[in-house]
1. Taking the condition of being crowded, with 20+ Cβ neighbours inside 10 Å and in contact with an Asp or Glu (Cβ under 6 Å, 6 or more places away or on another chain), how many residues in region 78-119 meet it?
2. Checking Pro163 against (1) touching a residue at least 40 places away in the same chain (Cβ under 8 Å); (2) over 19 Å from Thr66 (Cβ atoms); (3) in a loop (DSSP other than H, G, I, E, B), which test does it fail?
3. Give me the pairs: first residue in region 96-109 and within 23 Å of Arg214 (Cβ to Cβ) and of a type in the set (Val, Ile, Thr), second residue open to solvent by 30 Å² or more (accessible area, probe 1.4 Å) and not in a loop (DSSP other than H, G, I, E, B), beta-carbon distance under 9 Å, and six or more apart or on different chains, which are they?
4. Collect the residues in region 197-226 that are of a type outside the set (A, V, I, L, M, F, W, C), farther than 10 Å from Phe183 by Cβ and under 18 Å from the mean Cα position of the chain (by Cα), keeping them in residue-number order.
5. Within region 57-69, how many residues turn out to be open to solvent by less than 10 Å² (accessible area, probe 1.4 Å) and modelled with pLDDT under 95?
6. Only one of these is among the β-branched types (Val, Ile, Thr) and outside any helix (DSSP H, G or I): Thr158, Thr133. Name it.
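The values are calculated or read from the model by the stated rules, or taken from the named source; none is laboratory data. Treat the numbers as computed from the prediction; the structure is a model and nothing was measured. FYI the Cβ positions are ideal-geometry reconstructions off the backbone, even for glycines, and counts take in every protein chain you see. Side chains included, ligands, DNA and RNA excluded: accessible areas come from the protein's heavy atoms. Shrake-Rupley method; radii C 1.70, N 1.55, O 1.52, S 1.80 Å.
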Amino acid sequence: MLYRMAQDPQVVDFPPSLPNEFCENMSVSGGKQHDENQRALTAIGLTVTTATAPTTTTRLLCMVYTMADAHGTKIRAIRDTWGSRCDGFLAFSTESDPRLPAVSIPHTGPEAYDNMWQKVRSIWKFVYQHYATDFDYFFLGGDDLFVIPENLKAYLGTLQLHPENELHFAGRRFKGYGENNYFNSGGAGYALSRKTLIEFYKVMDDKDCAPTKRTSMEDVMIAQCLRRKLDIKLTDTRDEKGRERFHPFAPATHYEWKPHGDWYDNYNTEWGLKLGKDCCAPDSVSFHYIKKPAMVR
């Protein structure tokens, strides 16, 4: 059960086309007042990467975690927009639906936000067991994420130009509170290279990787495991001008950000935040907290 680009004619007609009203202006919260996101993206100069050698050879599996009640809304919007532009797409949900496609897999403990680590552990095990040899990179995020697959593939393709290092863990770097607490933001989504996925699978049940822990901080936990057991550090995914590519908020939030000493400012102290039009690279790959209408817009 996997959507593969241009290989699944039996599911192309599902879901049906969305109405034209979704092309109207949409605010950050999904209303129809002002399209702050569009204004921000115009100022940033967001572009979609055209086909290049690294882009066309990098095979990307895009995945989201979700719930069954979002199949007809959030997952439909993702499928109709960016999901189908990945080389493969799969939603991990509480119910299976081959039309999307969505798959439900068992995990330890309840289906609850504070048990996300166990759900994500099961996702990565499933992906290794079924798709480890089919793709070069594996990208995972939530169902309120918007991704530009062409930019993501092009960026990840540049990492493949250095075959001496195949262990990549790419996303939006944060330095959380506590000693050596470096991790990639789960909200912005993160990507594992095939080699990283393979090595992670080998050690993920080791006690140093907290295999029984119940926590919502799956992004912290996977980073901790990769660092402690495999010495895999975070990839600096900024462009040559220090502009970020992976974003934990919507475009307008980043564009209009004013530092005020909260957790986001603190998590970026080590490398600093760029503001205004320099908040985001023109070849940005992901934005978080995107409402369904704004996603389609």
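1. Going through region 78-119 one residue at a time, the tally reaches 2.
2. (1)
3. Val103/Phe126; Ile105/Lys125; Ile105/Phe126
4. Ser216 - this is the single residue of region 197-226 that is of a type outside the set (A, V, I, L, M, F, W, C), farther than 10 Å from Phe183 by Cβ and under 18 Å from the mean Cα position of the chain (by Cα).
5. Qualifying residue count, region 57-69: 1.
6. Criteria check complete, one pass: Thr133.
Each row is one residue, and each column tells you yes or no for (1) within 28 Å of Thr42 (Cα to Cα); (2) of a type outside the set (Asp, Glu); (3) open to solvent by 60 Å² or more (accessible area, probe 1.4 Å).
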residue: Arg227; (1), (2), (3): no, yes, no
residue: Asp239; (1), (2), (3): yes, no, no
residue: Gly242; (1), (2), (3): yes, yes, no
residue: Pro248; (1), (2), (3): yes, yes, no
residue: Tyr255; (1), (2), (3): yes, yes, no
residue: Tyr264; (1), (2), (3): yes, yes, no
residue: Cys279; (1), (2), (3): yes, yes, no
residue: Tyr289; (1), (2), (3): yes, yes, yes
